[in-house]
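Notes follow the structure.
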Amino acid sequence: MKLGILGTGKIVREFLPWLAEHTPFTVQAICSTERSAELAQSLCGQYGVPQHTTNFLELLQWVDVVYIAVPNLQHVRYARVALEAGKHVIVEKPLAPTAAQTEELVNLARHKKVFLFEAITTQYLENYAKIRELLPRIGTVKLVQCNFSQYSSRYDAFCAGDVQPAFDPACAGGALMDLGVYNVSYIVGLFGEPNQAKYTANMERGIDTSGILTMDYSGFKAVSIAAKDCAAPARYIIQGTKGYIMQKSTANCCGGITFHPNEGKEEHYNLNGGRPRQAAEFEAFARALESGDQELCGRMQDTTIAVSRVLTVARRNAGIRFPCDHCPKTAISIGTRPDKTRSKLFEYLL
């Protein structure tokens, strides 16, 4: 299958070297802005990508699958056009800025009978599957804590008045949408949608530069800390009545695991294989597309929707507003997913 990439940002430059050599996809084209055309052409030449364009509609004529790697607020616009054109679509996290837009895209993909995936590396990594396997051994879960805190290279500029997309509410930026999304996906992927979510944030110029999200489940609590204005060691700990699981890496890498039972010896696992963190998800996408695995796609979409609901509730709870919140299509209506039981969190959105 021929893959087209929209964007030339950091994430593209991170995965393209591996993607060009190790995947069933043929990287056919890169689409860039006029401003980034020189960089895109350089990437094409370096990694043997045959075509470059600055016209997204032209890109769609050349490929079967589109990977969308542009700022958060533009995800919906480009994904919608690609889906309407009957293309399979992979979108960088978060799939969309609001829960309503996420559901809109999922429903459109299902109507068009094409695949739509959110590129959230955590969900596909081998270590993450191992955590799911280990969970019963820690007994009844009581506490979950996640900390993804990195001092942003753009924060000093933000403080000086140069507001780039990562810190711009007009671009659906902020710590929750950039880093916290990984924590929420990590938690929701293991335990499902919570009953309640509350976000307390450090706010600057209408955006969260750091914050603490608490999620209430029946019988246990989960806490997500995400920061772009300060740094701390990554810690992911799931505590149960019979032991705990710990990782000392961020959720997007989902590194080595320690299982510490209350009784017995510690066990250590690291199954990711030292590959780029995007490798597992690209391989999963390719297998699903080739085999027509709608079950996997649907399961991943359900997780994406649940995560998007948590993010939407959390940021609105903290007073963070995005331009798309005022669009008519962002109003979630009951009945858009008749096969799903309405959760307490979903009711909060209405």
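Here is the figure for the stretch 36-60: residues that are of a type outside the set (V, I, T) and in a loop (DSSP other than H, G, I, E, B) total 4. On the basis of being open to solvent by less than 30 Å² (accessible area, probe 1.4 Å) and either modelled with pLDDT of 55 or more or of a type in the set (K, R) (or both), does T330 make the cut? Spelling it out, it is not the case that T330 is open to solvent by less than 30 Å² (accessible area, probe 1.4 Å) and either modelled with pLDDT of 55 or more or of a type in the set (K, R) (or both).
T33 meets all of the listed conditions (1) within 20 Å of the chain's Cα centre (by Cα); (2) assigned to a loop (DSSP other than H, G, I, E, B) but one, namely (1). Please determine whether any residue of the stretch 155-162 is among the aromatic types (F, W, Y), more than 23 Å from G319 (Cβ to Cβ) and modelled with pLDDT of 95 or more. No. The set of residues in the stretch 286-307 that are in contact with a strand residue (DSSP E or B) (Cβ under 8 Å, 6 or more places away or on another chain) and within 18 Å of T102 (Cβ to Cβ) comprises C297, M300, Q301, T304.
Could you tell me whether any residue of the stretch 191-214 is open to solvent by less than 30 Å² (accessible area, probe 1.4 Å), farther than 16 Å from N317 by Cα and not acidic (D, E)? Yes - at least one qualifying residue is present in the stretch 191-214.
Restricting attention to the stretch 153-189 and to residues that are within 17 Å of A234 (Cβ to Cβ) and out of contact with any Ser or Thr (no Cβ under 8 Å at 6 or more places or on another chain), the residue that is most open to solvent (accessible area, probe 1.4 Å) turns out to be D178. The residue that is nearest to the chain's Cα centre (by Cα), counting only those in the stretch 6-30 that are in a loop (DSSP other than H, G, I, E, B) and under 23 Å from E84 (Cβ atoms), is G7.
Scanning the stretch 76-96 for any residue that is of a type in the set (K, R), open to solvent by less than 60 Å² (accessible area, probe 1.4 Å), within 19 Å of A279 (Cβ to Cβ) and within 23 Å of the chain's Cα centre (by Cα) turns up at least one such residue.
Quick check on K112: is it free of Cβ contacts under 8 Å to residues at least 60 places away in the same chain, crowded, with 16+ Cβ neighbours inside 10 Å, out of contact with any strand residue (DSSP E or B) (no Cβ under 9 Å at 6 or more places or on another chain) and closer than 24 Å to S291 by Cβ? In short, yes.
Taking the criterion of being crowded, with 17+ Cβ neighbours inside 10 Å and not in a helix (DSSP H, G or I), the residues of the stretch 277-311 that qualify are R277, Q278. Which ones in the stretch 218-234 are open to solvent by less than 20 Å² (accessible area, probe 1.4 Å) and either in contact with a Gly (Cβ under 8 Å, 6 or more places away or on another chain) or among the charged types (D, E, K, R) (or both)? Answer for the stretch 218-234, where residues must be open to solvent by less than 20 Å² (accessible area, probe 1.4 Å) and either in contact with a Gly (Cβ under 8 Å, 6 or more places away or on another chain) or among the charged types (D, E, K, R) (or both): S224, A226, A227, K228.
The values are calculated or read from the model by the stated rules, or taken from the named source; none is laboratory data. Quick caveat, the model's predicted, so the values are computed rather than measured. Neighbour counts run over all protein chains shown; Cβ positions are idealised from the backbone, glycine included. Protein only, heavy atoms only, side chains kept; ligands, DNA and RNA dropped before computing areas. Shrake-Rupley method; radii C 1.70, N 1.55, O 1.52, S 1.80 Å.
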